[in-house]
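Here the structure is laid out as structure tokens; the discussion comes afterwards.
Laboratory data are not the source of any read-out in this text; all were calculated from the coordinates shown. What you are looking at is a predicted structure, and each value in this text was computed from that prediction instead of being measured. Virtual Cβ from ideal backbone geometry, glycine too; neighbours counted across all protein chains shown.
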Amino acid sequence: MAHVLVTGSAGYVGSHVLALLKRAGHHPVVFDNLTRGFAELVQPHAVPFVRGNLADRALLRPVLHDYQIDAILHFAALAFVGESTEVPDRYYRSNTANGLTLLEEAIAYRPETPPALVFSSTCAAYGTPTQLPIRETTARCRISPYGRCKLSMEWMVADLSHQHHFGAVILRYFNAAGADPPIPSAIQAAEAGSPFFIHGDDFDTPDGTAIRDLVHVRDLAAAPIDALDDLIAGGETTDLNFGTGVGHSVRQVVHCIERMRRGAVGVR
Ligand SMILES: NC(=O)c1ccc[n+]([C@@H]2O[C@H](COP(=O)([O-])OP(=O)(O)OC[C@H]3O[C@@H](n4cnc5c(N)ncnc54)[C@H](O)[C@@H]3O)[C@@H](O)[C@H]2O)c1
């Protein structure tokens, strides 16, 4: 069982991964600066929690040594496409430069056998899809700064893992949805009879709202652990898309919840 540094695990996806990692018998160590995460998502898991910024080499270095880290699950990032177009420099600093710092420190910590790495990338690295469903080989087009800085990190992971002989899996998640316990905000709004706002209805889609490939966060959270187990078992460096291959528009999801509310759609 591995000692695993989990960056960004006070966030949405990473916090779901913690529970599964522990259940699988691994030993997670949380590393998060809490700029976008919540300490209360970590506390129930009773795991070591280092509050710090990935840019802080002087903090990162002893953490790798002290916990004898065997593998890294890297989630820490800024993750909003819209925001990335307003402050692209902040996104490159956070998602590319900090990523390089993490890779360099991991290699310096154990130069002969650097820790295995699972990197959380995104379907945004494809930009506007030129083909559906989006495959690993799909051409990239009109990529946002968020997608570009994640793509830059993908290239660094590929090059450094090759050069320094460590296993790495790049996972491009599609859109995580849901919660644990499963009370997404749209369902909460339906239950409470309060308004629910759709952001954007002028997309080039049949009903004008964005189409997303939605994956339940618990299913998504299992993927990096499977990737980790595969690397530990000697699996090869690879990159994979992680989605259902089927898109649903925001309005379709809202209509489905309305039908559930009226009892027209059952939940098993
Ligand atoms: N949520 C999704 O649908 C989705 C889809 C595709 C890819 N991803 C990727 O998955 C990862 C996690 O996404 P999320 O939705 O959980 O995001 P999130 O914002 O909920 O979590 C990110 C966490 O990283 C931490 N963090 C940010 N910068 C840091 C830094 N410099 N040092 C230390 N900690 C830092 C934040 O405090 C936060 O807890 C991201 O890399 C994101 O790009 C998410």
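Residues with beta-carbon under 14 Å from that of TYR126, excluding TYR126: net charge, scoring Lys, Arg +1 and Asp, Glu -1?
Working: positive: ARG135, ARG140, ARG142, ARG148, LYS150, ARG172, ARG212; negative: GLU136, GLU154, ASP213, ASP239.
Net local charge, TYR126 excluded: +3.
Build a GNM of the chain with springs between Cα atoms under 10 Å: which of ALA71, ALA223, ALA124 gets the top mean-square fluctuation? Among ALA71, ALA223, ALA124, the largest mean-square fluctuation in the Gaussian network model of the chain belongs to ALA223. Counting charges near ALA227 (Lys, Arg +1; Asp, Glu -1) among other residues having Cβ under 13 Å from its Cβ returns a value of -4. Here, P(r) means the percent of Cα pairs in each 5 Å bin from 0 to the largest distance; for the range 131-189 it is 4, 12, 15, 19, 13, 14, 13, 6, 3, 1, 0.
Counting only Cβ charges, +1 for Lys and Arg and -1 for Asp and Glu, the dipole size of the chain around its Cα centre is about 460 debye. Its Cα gyration tensor gives the range 123-268 an equivalent ellipsoid, and the semi-axes of that ellipsoid, as √(5λ) in whole Å with the largest first, are 34, 20, 12.
Across the chain, where is the longest run that never hits GluC sites (Glu not before Pro) in a DSSP loop with at most 11 other C-beta atoms within 10 Å? Write down the numbers at each step before the final one.
Details: sites that count: GLU112, GLU136, GLU236.
With GluC sites (Glu not before Pro) excluded where exposed in loops, the chain gives 1-111 as its longest stretch.
For the range 40-142, the fraction of C-alpha pairs more than 22 angstrom apart is 46%.
How much of the DSSP bridge set in the chain is antiparallel, in percent, rounded to the nearest 5? Write down the numbers at each step before the final one.
Details: 2 of 33 bridges.
Percentage antiparallel, nearest 5: 5.
The spacing between the range 1-47 and the range 150-200, judged by their C-alpha centroids, is 15 Å. In the elastic network of the chain, a GNM with C-alpha springs shorter than 10 Å, the most mobile of THR96, THR85, THR237 is THR85. Using the alpha-carbon positions of the chain, Rg (one decimal) and Dmax (whole number) come out as 19.1, 61 Å. Given PHE242, HIS65, GLY193, which one lies farthest toward the positive end of the charge dipole of the chain, if we put +1 on the Cβ of every Lys and Arg and -1 on the Cβ of every Asp and Glu? The listed residue farthest towards the positive side: GLY193.
Approximating the spin labels as points 7 Å out from Cα along Cα→Cβ, the ALA222-to-THR137 distance works out to 2.8 nm.
Summary value for the chain: 18 percent relative contact order, contacts being C-alpha pairs under 8 angstrom separated by 6+ residues. Net charge in the neighbourhood of THR7 (other residues with Cβ under 13 Å of its Cβ; Lys, Arg +1, Asp, Glu -1) is -1.
Close amide H partners of SER9, meaning residues 5 or more places away or on another chain with modelled amide H under 5 Å apart, are PHE31.
Derived scalar couplings between HN and Hα for the range 132-140 equal 10, x, 6, 9, 4, 8, 4, 5, 9 Hz in order, rounded to whole Hz, by the Karplus curve 6.51 cos²θ - 1.76 cosθ + 1.60 (θ = phi - 60°), x for Gly and Pro.
For the range 193-209, 3J(HN,Hα) computed residue by residue from phi via the Karplus equation (6.51, -1.76, 1.60; θ = phi - 60°) reads x, 9, x, 10, 9, 8, 8, x, 9, 10, 6, 7, 9, x, 10, x, 9 Hz, glycine and proline entered as x. Overall, the range 80-217 carries a charge dipole of about 320 debye about its Cα centre when +1 sits on the Cβ of Lys and Arg and -1 on the Cβ of Asp and Glu, all other atoms neutral.
From Cα pairs below 8 angstrom and at least 6 apart in sequence, can you work out the relative contact order of the range 1-157, rounded to a whole percent? Write down the numbers at each step before the final one.
Values: 259 pairs, mean separation 34.2, N = 157.
The value is 22 percent.
Computed from backbone phi with θ = phi - 60° and the Karplus coefficients 6.51, -1.76 and 1.60, the 3J(HN,Hα) list for the range 21-35 is 4, 5, 4, 7, x, 7, 10, x, 10, 7, 10, 7, 9, 6, 5 Hz; x is used for glycine and proline.
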